[in-house]
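The values are calculated or read from the model by the stated rules, or taken from the named source; none is laboratory data. Note that the coordinates shown come from a computational prediction; the quantities given were computed from them, not determined experimentally. Heads up, the Cβs are rebuilt from the backbone with ideal geometry, glycines too, and the neighbour counts pull from every protein chain shown. When the accessible area is computed, the model is the full protein with side chains, heavy atoms only, and any ligands, DNA or RNA have been set aside. Shrake-Rupley method; radii C 1.70, N 1.55, O 1.52, S 1.80 Å.
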Amino acid sequence: MAAPISLRDFISGVEAVINGHNRLNDFESELKAHFGVKYCFLVSSGKAALTVILKALHEIHPDRDEILIPAFTCYSVPSAVVRAGLKVRLCDIGEGTFDFDYKKLASILSRSDQSPKKTDLTQEVNHACQSAKSKADSRLLAILPTHLLGIPSDVNRIRSMLNDPSVTIVEDAAQAMGESCQCGKLGTLGDVSFFSLGRGKMFCTVEGGIILTSRDDIAASLNHQIKSIPPCNSIALLRLILYGLALLLFLNPFLFWLPSSISVLKLGQTIFDPEFAVYRMSSFQAGLATRWLLRLRTLHEYRAQLVRIWKALYHKHTDGTHHASLIQNSALIRYPLIISDTMKRDSILYDSKHRGLGISKLYPDAISAIDSLKFTNGEDYHVARKLAASLITLPTHHYVCNKDVAKIKAIVWKRPSSH
Ligand SMILES: *Cc1c(COP(=O)(O)O)cnc(C)c1O
């Protein structure tokens, strides 16, 4: 019960390796049935899923090569964009929303859409020239609404803002498997979507990526892409089995400090690196996921309970220095808190690290701060940068016990305010 991978799951994983590929097919069918989608593809990780999706979309629209992502998101996202041979474009996030800044998004989309009236230059040329020119300017291939931490992005709003049917909505539901909003299950709202089964996500099979879509054209292209990527080789498989064993053995409440101190078990992706493996999911991973729906529901309950606890503490102790985001849904992979006082934030993070309490920043900085991406358009993505500098996240996973809650409460909310 304690570890993200139980002995029983591990045994199912090993059994699936011995029995061949049946488990992969079953997992696909179960996912299609549960999410009510026509197609499902299983790959090695969330970033592999995104890479494959973007390559498939580029195959459909070879003249488009820009991917619009939030300026505050997982570093794996730009890694996958670059891996797919495409260009990253950023949109800042809204103040306290963890979703796009919709004003800024509207202005970016109106520049990308074929709307010649927006540019002074085109007013002077004739209409035929206008549409030809603006079409050539429109490089936007996809936009990635992202349910960061499990907080729903407003996918329908984005859809209503898009006038250009060639721009695909890729729903980044990496952190939101099993969650839903008024519009339905997260992961079923975009034209195509993906989940991550990596460490630190809603549900973990060491690594893993799930692609869902109901669009025939996208599925046909995805099929083509999937055929061109290799199956999991024996070295990768051995690595997965060893990681699985490590998660089984080390991630239990007694050794809870281990994940933050052992770098091989590093939680979360905070490095930009397009050189990652892309292969099809192994039957071991599908085997680990044998009881996925049950586990997802159990984990959801634990997380919802901790979110309620953190929320109640936040409301009780709010003193103007904290500022919680709009959290309406019930389960999050981590609970976000804004600590604007840098010294206070550093000291909370320091204490947590030493006592193994699992409070952490989410990402080191905004995506615009990644030097190798060379953003030179002069925008500063102010809200994303500010969030990166002030955000801390509290754990919501099921190995946080009552004692941990008390300790976390003590270091986050019970500080004497020094002047
Ligand atoms: C984790 C994550 C990914 C990538 O998933 P991996 O399985 O770690 O490769 C993509 N997007 C977001 C928002 C994520 O949190």
### Task
Over every pair of different alpha-carbon atoms in segment 155-244, take the mean of 1/r and invert it; report that Kirkwood radius in Å.
15.0 Å
#### Entry: Rounded percent of accessible protein surface that carbon and sulfur make up, segment 45-88, 1.4 Å probe
51 percent
### Task
For every other residue with a beta carbon closer than 12 angstrom to the beta carbon of residue 39, add +1 if it is Lys or Arg and -1 if Asp or Glu, then tell me the sum.
-1
### Query
By how many nm would the segment from residue 30 to residue 220 grow when fully extended, if each residue of separation counts as 0.36 nm and the alpha-carbon distance is taken off?
66.4 nm
### Task
Using the Cα centre as the reference, give the magnitude of the dipole from point charges on the C-beta atoms of segment 193-255 (Lys, Arg: +1; Asp, Glu: -1; all else neutral), rounded to the nearest 20 debye.
140 debye
### Query
Of 366, 395, 339, which is farthest on the positive side of the dipole of segment 336-410, counting Cα position, with +1 on Lys and Arg Cβ, -1 on Asp and Glu Cβ, and the Cα centre as origin?
395
## Note on the structure
Once Lys and Arg are counted +1 and Asp and Glu -1 for all other residues with Cβ under 12 Å from that of residue 185, the total becomes -2
### Summary
Too long for a 21 Å Cα-Cα cut-off, among 201/386; 32/185; 344/409; 103/185; 185/409, are 201/386; 103/185; 185/409
### Query
In square angstrom, what is the accessible area per residue of segment 1-104 with a 1.4 angstrom probe?
38 Å²
### Task
Taking H placed 1.01 Å from N in the peptide plane, check which residues at least 5 places from residue 168 or on another chain put their amide H under 5 Å from its amide H.
142, 143
